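Read-outs: derived from the displayed coordinates by stated rules, not from any lab. All values derive from a computational prediction rather than experimental measurement. Cβ: placed from backbone, ideal geometry, glycine included. Neighbour counts: every protein chain shown.
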Amino acid sequence: MRPLAKLTTLLTRFPMTSGVVLPIIVAAFAYISYQLVTQEINQRDHLGRTELFRAVEGGNSEKVTSLIDRGADLNSSDNCGWSPLMKAASLGNMSALKQLNEAGADIEHHDESHYTSVMIAVVSRQTEALAYLLSHGAQVNHQDNLGWTALIWAAKQNDSQAVELLMNYGADPLLTDNKGQNAIHWAALEGNQSIVMLLGSKL
């Protein structure tokens, strides 16, 4: 006898059990359906990108909203270890950045090199994204595998706007990397004298 026929027979013979069994069946069906749907939308392509990641990359805000509402994994990484939020920061996609952060995406997610969204915003020269991340509590003195901070990246790139922002949120210009160099050293090595002066003025 098939499972469904067995269940029907059970409910017919013992109608009192229907009040217990049916809610369990409904709950189980709902759970399985949810798992199937989320598994589908979280499938990754050959680059490790989920549908949510690609929606962020394509600047499709409506699709980002829809996928978040449908339970898409907010922190699923691509093959580079980047999350959708990190991708949004790199592109300066403020709509997606805000949507993902408000939905609970990990603002401190990092790749294998320990690059965070703050570092990526600096390297990508996305000042608005950087300001947003810092204003929402992103760590300002996080160090990657080389010991570099977002401030070191900004100093090397001669990015005075990023330096100002990072310093205003407590970035430490004297924090050294794995070779003992700090942001001031790196600015000097790159010949960025205005950054050296700017960092020195904040001490």
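Tabulated results
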quantity	calculated
Spin-label pair residue 103/residue 160, simplified geometry with 7 Å Cα→Cβ offset, distance in nm	3.9 nm
Along principal axes, Cα extents of segment 98-147, largest first, whole Å	30, 21, 16
Label point distance in nm, residue 146-residue 201, each placed 7 Å from Cα along Cα→Cβ	2.8 nm
Distant-in-sequence amide H partners of residue 148 (H built 1.01 Å from N, under 5 Å)	178
Taking N as its residue count, the alpha carbon Rg of segment 67-193 over 2.2 N^0.38 Å	1.05
At R0 = 45 Å, FRET efficiency that the Cβ-Cβ distance of residue 41 and residue 178 yields, to 0.05	0.70
Potential lengthening between residue 69 and residue 95 on full extension [0.36 nm per residue; Cα-Cα distance subtracted]	7.8 nm
Straight-distance crosslink candidates among lysines, where the alpha carbon sits under 25 Å from residue 63 and sequence neighbours closer than 8 are dropped	87, 98
Rg/Rh for segment 28-113, where both radii come from Cα atoms and Rh is the Kirkwood radius	0.98
When the convex hull of its Cα atoms is projected in every direction, mean area for segment 140-203 (nm²)	3.5 nm²
Burial ordering of 197, 94, 167, fewest other beta-carbon atoms within 10 Å first	197, 94, 167
Other-chain or far-sequence residues with amide H under 5 Å of residue 138's (modelled H)	none
For peptides 98-104, 189-195, 159-165, 149-155, sequence by mean Cβ density within 10 Å, most packed first	149-155, 159-165, 98-104, 189-195
